[in-house]
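The values are calculated or read from the model by the stated rules, or taken from the named source; none is laboratory data. Just so you know, these numbers come straight off a predicted model, no measurement behind them. All Cβ positions, even for glycine, are placed from backbone atoms using ideal geometry, and neighbour counts span all protein chains on display.
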Amino acid sequence: MTQVLGIDVGGTKMAVGIVDDSGEVTHSSIVPTPAQGTADDMWQALTSACDQTLDKAGHPELAGVGIGSAGPMVWPAGEVSPVNIPAWRGFPLRTQVQEKFPDLDVRIHNDAIAMTAAEHWVGAGRGYANVLGMVVSTGVGGGLVADNHLINGGLGNAGHIGHIVVDPNGPECRCGGRGCLEAIARGPGTVQWAVNQGWLPGDRPADGRSLAEDANAGDEVAIAAFTRAGEAVGIALASCAALLDLDIAIIGGGMVQSGDLLMVPMQEAFDRHAGLGFARRMKIVTVGLEQEAGIVGAASLVLQGENYWSPPGEQGDRIIA
């Protein structure tokens, strides 16, 4: 049995797990991300999670280490600058992990791309050759599998659906553009739009959970906020389906936890805008792996490398200096 250490670095938590060649996570550890700490605080928390996991598993023989990290990043070098982790700007994550595990092959990709690989391998996308993975949360990210191979793009950013323009007259986006899907559909943007329209959370936090509670209770502004976000996602999906002739789109992230509030207007907008038969055939589903997708996807870069690992500038399993 082949085993790999999978690492999932996010703005809220860091998860590490041992993943076998069937895609099962056998041992894992989760630690809070000290996002407001120093770069060394972050690194120490991550190495602690790695050590905890290896201790639990009895220090098995590993075939490699896979990493999925919030970005942006310089890829495949793995220098990361996660938006929600200010201390890591140009942090050489792949190099640091390689130094900790000098005898192992270390591979890295964007966390949404890793999630897509996991869902294609053993999740909701299993058995489909052409898959779009999508995360709708604090930001909107994605990954792309075509003809059963993960697509990287020139700089490792293929599938970044969050910056498809869905409304050229829409709000400014953090990327510098205007009317991007992320600017409209990401959780904080959806909440802020509702607040601007007069929604008040009362003594609760002004967040997606509170907004969903009020939408389910019939608050018209809250319902409209989720409808606006869902329609934007549906429009983007229709465009992707026409461009890429996709089999399935798999949606995850915190906003999906709102259920039909987001998913129904999303599907309705997709149905309105996907006019061609080959585009309309694309299924839209929610993630199958949920919490473990990040770890499994990171590990899949090693375990399923023939499908998911083909960066430029690399030869065999080692980095070309």
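List of remarks:
- Test: residue in region 19-33 that is within 22 Å of residue 304 (Cβ to Cβ) and surrounded by 22 or more Cβ atoms within 10 Å (Cβ to Cβ): yes
- Check on residue 215, surrounded by 19 or more Cβ atoms within 10 Å (Cβ to Cβ), in the same structural domain as residue 266 (by TED's automatic domain parsing), over 21 Å from the mean Cα position of the chain (by Cα) and closer than 25 Å to residue 286 by Cβ: yes
- Across region 44-68, the qualifying residues are those that are more than 24 Å from residue 309 (Cβ to Cβ) and not hydroxyl-bearing (Ser, Thr, Tyr), and the one among them that is surrounded by the fewest Cβ atoms within 10 Å (Cβ to Cβ) is 58.
- Positions within region 251-307 being within 21 Å of residue 239 (Cα to Cα) and in a loop (DSSP other than H, G, I, E, B), in sequence order: 253, 274, 275, 276, 281, 282, 287
- The one condition from (1) out of contact with any His (no Cβ under 9 Å at 6 or more places or on another chain); (2) surrounded by 14 or more Cβ atoms within 10 Å (Cβ to Cβ); (3) at positive phi that residue 156 does not meet is (1).
- Residues satisfying the stated conditions in region 111-125, i.e. crowded, with 24+ Cβ neighbours inside 10 Å, assigned to a loop (DSSP other than H, G, I, E, B) and in contact with a Ser or Thr (Cβ under 8 Å, 6 or more places away or on another chain): 125
- Flag if residue 30 is free of Cβ contacts under 8 Å to residues at least 40 places away in the same chain, among the β-branched types (Val, Ile, Thr) and assigned by TED's automatic domain parsing to the domain that holds residue 84: yes
- Flag for residue 106 being in the same structural domain as residue 311 (by TED's automatic domain parsing) and in contact (Cβ under 8 Å) with a residue 60 or more places away in the chain: no
- Inspection of region 137-147 finds no residue satisfying the criterion of being surrounded by fewer than 23 Cβ atoms within 10 Å (Cβ to Cβ), touching a strand residue (DSSP E or B) at 6+ places or on another chain (Cβ under 7 Å) and either among the hydrophobic types (A, V, I, L, M, F, W, C) or outside any strand (DSSP E or B) (or both).
- Qualifying residue in region 169-179 (condition: among the small types (Gly, Ala, Ser), farther than 17 Å from residue 226 by Cβ and touching a His at 6+ places or on another chain (Cβ under 9 Å)): yes
- Screening the candidates 34, 86, 60 for the property of being at pLDDT 95 or above, farther than 21 Å from residue 152 by Cβ and not in a strand (DSSP E or B) yields one hit, 60.
- All positions within region 178-213 that are part of a helix (DSSP H, G or I), closer than 23 Å to residue 142 by Cβ and among the charged types (D, E, K, R): 182
- Matching entry among 253, 305 (being modelled with pLDDT under 95, touching a helix residue (DSSP H, G or I) at 6+ places or on another chain (Cβ under 9 Å) and closer than 23 Å to residue 24 by Cα): 253
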